[in-house]
1. Which Cys residues of the chain have no other Cys Cβ less than 4.7 Å away and so no disulfide-compatible partner by this rule?
2. Return a whole-number percent for the relative contact order of the stretch 110-189, with Cα pairs under 8 Å and 6 or more residues apart as the contact set.
3. Once you place label points 7 Å from the Cα toward the Cβ at Leu164 and Glu7, how far apart are they in nm?
4. Show me, for the stretch 291-305, the HN-Hα J-couplings you get by feeding each phi into the Karplus relation (A = 6.51, B = -1.76, C = 1.60, θ = phi - 60°), rounded to Hz, glycine and proline as x.
5. What is the magnitude of the charge dipole of the chain about its Cα centre, with +1 placed on the Cβ of each Lys and Arg, -1 on the Cβ of each Asp and Glu, and no other charges, expressed in debye to the nearest 20?
6. Before anything else, pin down the relative contact order of the chain: Cα pairs under 8 Å, at least 6 apart, normalised by residue count, whole percent.
7. Can you check how the C-alpha radius of gyration of the stretch 240-286 compares to 2.2 N^0.38 Å, as a plain ratio?
8. Which of Met155, Val87, Ser40 sits closest to the plus end of the dipole of the stretch 30-158, meaning its Cα is farthest towards the positive end, when Lys and Arg get +1 and Asp and Glu get -1 on the C-beta?
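All of the numbers you see were taken from the coordinates with simple rules; none came from a lab. These figures come from a predicted structure and were not determined experimentally. Heads up, the Cβs are rebuilt from the backbone with ideal geometry, glycines too, and the neighbour counts pull from every protein chain shown.
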Amino acid sequence: MIKPVPEKKISHNEVLKQNDPLLAGQLAATLVDPDADRFSNDDGQFLKFHGIYQQDDRDKRRTGKQYMFMIRGRIPSGILTADQYKVYDDLASKYANNTLRLTSRQSIQFHGVVKTGLGPLMRSINEALMTTLAACGDVSRNVMAPACPITESWMAQVHSDSKLLSDALLPTTPSYHSIWVEGVQLDLADHADHDDPLYGKTYLPRKFKTAFAVPPLNDVDLFTQCLGFIAIADGTKLTGYNLTVGGGLGMSHNNPNTFPRKADVIGYLAREEVEKVAKGVLTIHRDFGDRTDRKRARLKYVMEEKGVEWFRRELASRIGFKLGEARPFEFTRQGDRFGWHSQADGRQFLGLFVETGRIKDTEKIQLKTAIRKVVDTHGPEVRLTPSQNILMVNIPSEAVDDINQILEEHGVATTHAKSPVRSATMACPALPTCGLALAESERYLPGLIDRIEGLLESSAIPQEEIIIRMTGCPNGCARPYMAELAFVGRAPGKYNVYVGGNEAGTRLNKLYQQSVKDAEMETVLGPLLKRFTLERQADERFGDWSARSLWPEIEKPENS
Ligand code: SRM
Ligand code: SF4
């Protein structure tokens, strides 16, 4: 007799959402309880939908857990007015650890907020007409779009589509406003029938990520996104977008069921159809994503299992039409422009490298104070980039000298920080804030780059740019699997080394060496860089050389 296959149980997070579709939990009550220094674990899951993570300082665990909060803004396309930036800057000083953490999705995180500061911080964000709603949680996250203002004249339209979509994909629960603005615990019974028009009662099986890209620049790492729009123009007019679906990077060590995946190009849509198509894709994730295993709950696995043709048919049945054939496009580069540049309208913009995305003041460099002074004095629009850097845009030429002086007075360089390799780096926060970190990242990478600069110097290529990314665990928050050279934390002081991504952000890299110890970095990287200098073809980049030369030698399966 054939044994019936036991039905898999839905995950605990699904039960939580089912029981409380308002996502309110006991948040408001705990917030005002003076005896509580933390929220319950279940409420911690609801907090995420409100843009908040309950964390503890991992440096201090030996003496008992000290709870604190990370708060992430929802900043579509990473664009802030000068006044909005000032609010973030003030709140970082008043309630957080006096730093602003720029994220790999063009947002800002506060770290180290204690519970008594949480309410006032959240209220202030909302009073400034900004939000943290759905910055985290099983919903559509911050929508990304290129930050650079000197691209096409129709860039503003891409930003407006990104903002429109970000708003259209927000959940409708009234609990966010009632808890953080009014400070009221909602009575679930009064809202028992809350059923979000887009998300239903149980939201998505997992996070959902969207970005817009404008070729040839792929600064948003489009192929890592669940949902992507590649701008297609007819001369000077933006006509529509190629749609990409099914990218994602998160994986777990030793779990071959999880892996990074590049998105597929699905077809072409007119600009007017962006919202409808996005909702079609999102509801496919909602309806087909795995709700039993959170490690497999991303849209990329639906795509992997069911295939592109199935996806096209399913999407057409939801939106009522078939997408057109994808139009030609080419990505050639990623990253940011540093220093001063002219915009299409004649004004200037300034790109500043922010090492590991952390805006802070140190004895030598007072980056936080300097940016604030420029924003106070000249009121530029502030744009956060997908590579954790900052652009100040729409600056009249007359202001350039004064801004340069302010920056100089605070030790801030307007051009490359030390070397091109340093300015092409990204690291995730990892320790001490991230509860999932297996190794250091943000605190370790700058020192490792010092050592890599030394190796480049001794290989006689000190000016070589190599896109280097590091994460403290395999979840992939700084998108390491697209880098030319990447370090992924495996255990304290040990990293898996990956090679072979490309400048266009169109190729996943591969595992080169497993569990490399801190002390072994020079022995592993030195010969690699030497070989690169000897074997590279003219102007060949490290990522292209390593894919061409090393991959045939790498016997391990991709990203294992
Ligand atoms: Fe991430 C979880 C930080 C972008 C994949 N990510 C986390 C958490 C919240 C840890 C946690 O769940 O307890 C980290 C908070 C650390 C801290 O102390 O701040 C965290 N992720 C970040 C940020 C701040 C990294 C950064 O260097 O900037 C980025 C915030 C973006 C934002 O503004 O919304 C960030 N995370 C990403 C990206 C890159 C992207 O989206 O472009 C990825 C890979 C792409 C993807 O989603 O596949 C990413 N984060 C993850 C995952 C793996 C998800 C999966 O599919 O398995 C986790 C773990 C999880 O969700 O359980 C995670
Ligand atoms: Fe934390 Fe891992 Fe993301 Fe780094 S990659 S922030 S260690 S979850």
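1. Among the cysteines of the chain, those whose Cβ sits 4.7 Å or more from every other are Cys136, Cys148, Cys226, Cys434, Cys473.
2. Values: 39 pairs, mean separation 24.2, N = 80.
Rounded, it is 30 percent for the stretch 110-189.
3. So the label points at Leu164 and Glu7 sit 4.2 nm apart.
4. 9, 9, 9, 5, 6, 10, 8, 7, 4, 4, 6, 4, 5, 4, 7
5. I would put it at about 1440 debye.
6. Numbers: 1222 pairs, mean separation 71.5, N = 560.
The value is 13 percent.
7. Numbers: Rg = 13.7 Å, N = 47, 2.2 N^0.38 = 9.5 Å.
In units of the 2.2 N^0.38 Å rule of thumb, it is 1.44.
8. Ser40
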